[in-house]
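Working notes, structure below.
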Amino acid sequence: MPNLLRKYLSGLSALVFPEICKGCGESLVSGRTALCRKCESEMPRTFFEKVSGNLVEQMFWGRARVEFAFSLFFYRKGELLQQLIHQLKYKRDIRAGTYLGQMTGRVLLKEELAGKFDCIIPVPLHPQKQRLRGYNQSDIIADGISEITKVPVNKESVIRTVHSASQTRRGRYERWQNVEGIFKVVHPHLFHNQHLLILDDVVTTGATIEALCAAFSEVENVRFSVLTIGIAVG
Ligand SMILES: [Zn+2]
């Protein structure tokens, strides 16, 4: 469908079917997407971006040299953030991802962090999984961040070479075994002297991100920071 027509139809459908808040079901005022102001304010923020040595940074102690790391929200089963991420991953709700990314971008600007990074690296999916899903949810979030902060996103230079099975039922050691060597940096020369912001939707043990950092081991003077929307708790 041509872009202009798509825009027109989406404007028209917003008039006929105003978007509703995914939290409370109330109609959203124009200019808002995904959540109303009240539901957004009730999301469980960590404020880890203000805490040196926070829980996410602790995950990487002794495992990867990370300059700083934080998650925006606590992520618990059955809560609103889980629903948003589920819709983004499995229901093609791209707008939920854009919303989460834009919100994250505003936090980076407010905390004056955005200027520290040369680019954002969304954790890649295996190409086969991405074909099935149609997109990588972390790419969508990264684009939302970039739209606000103007930090470029690099989606091409790291590939996931191993299609790992679901990791949710494995222990920490097994998970690490499962992800070691699963990423490959295809354009290492691009990253000399760069500070990369590794982005994922939810961090559980940090093993995937640790493996991603390890894939850069041949790159001179590359630095990492880590940002995820959620940190899985409870
Ligand atoms: Zn609401």
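The numbers here are math on the coordinates, done by the rules we state, and not lab data. Please read these numbers as outputs of a predicted model, since none were measured by experiment. Cβ sites come from the backbone with ideal geometry, for glycine too, and all protein chains shown count toward neighbours.
Report the calculated FRET efficiency for Ile20 and Glu112 (r = Cβ-Cβ distance, R0 = 41 Å), to the nearest 0.05. Write down the numbers at each step before the final one.
Numbers: r = 35 Å, r/R0 = 0.84.
It comes out at approximately 0.75.
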A chain fully extended from His163 to Arg76 at 0.36 nm per residue, minus the present Cα-Cα distance, gains in nm 28.7 nm
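Can you give me the Rg/Rh ratio for the range 44-232, using Cα atoms for both radii and the Kirkwood formula for Rh?
Values: Rg = 15.3 Å, Rh = 16.6 Å.
Value, to two decimals: 0.92.
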For a quick check: sort Lys89, Lys7 by the number of other beta carbons within 10 angstrom, fewest at the front.
Lys7, Lys89
Subtracting the Cα-Cα distance of Lys38 and Gln83 from 0.36 nm times their residue separation yields 14.5 nm
With 10 angstrom as the radius, rank Thr161, Thr149, Thr98 by how many other C-beta atoms surround their C-beta, starting from the fewest.
Thr161, Thr98, Thr149
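Provide the FRET efficiency to the nearest 0.05 for the Glu218-Val51 pair, computing r from the beta carbons and using R0 = 30 Å.
Values: r = 32 Å, r/R0 = 1.08.
My answer for the efficiency is 0.40.
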Sequence-distant residues sharing a close amide H with Cys119 (under 5 Å, placed H):
His195, Leu197
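How high is the FRET efficiency between Tyr8 and Arg92 when r is their beta carbon distance and R₀ equals 22 Å, given to the nearest 0.05? Kindly include the intermediate steps, with their values, before the conclusion.
On the way: r = 21 Å, r/R0 = 0.95.
So, using R0 = 22 Å, E works out to roughly 0.60.
For a footprinting-style exposure proxy, rank Asp118, Asp201 by other Cβ within 10 Å, fewest first. Walk me through the numbers on the way to the answer.
Working: Asp118 16, Asp201 23.
Lowest to highest Cβ neighbour count: Asp118, Asp201.
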Using θ = phi - 60° and the Karplus relation 6.51 cos²θ - 1.76 cosθ + 1.60, list the HN-Hα couplings for the range 145-158 in order, rounded to whole Hz, with x at every Gly or Pro.
5, 5, 4, 7, 9, 6, 6, x, 10, 10, 9, 10, 8, 10
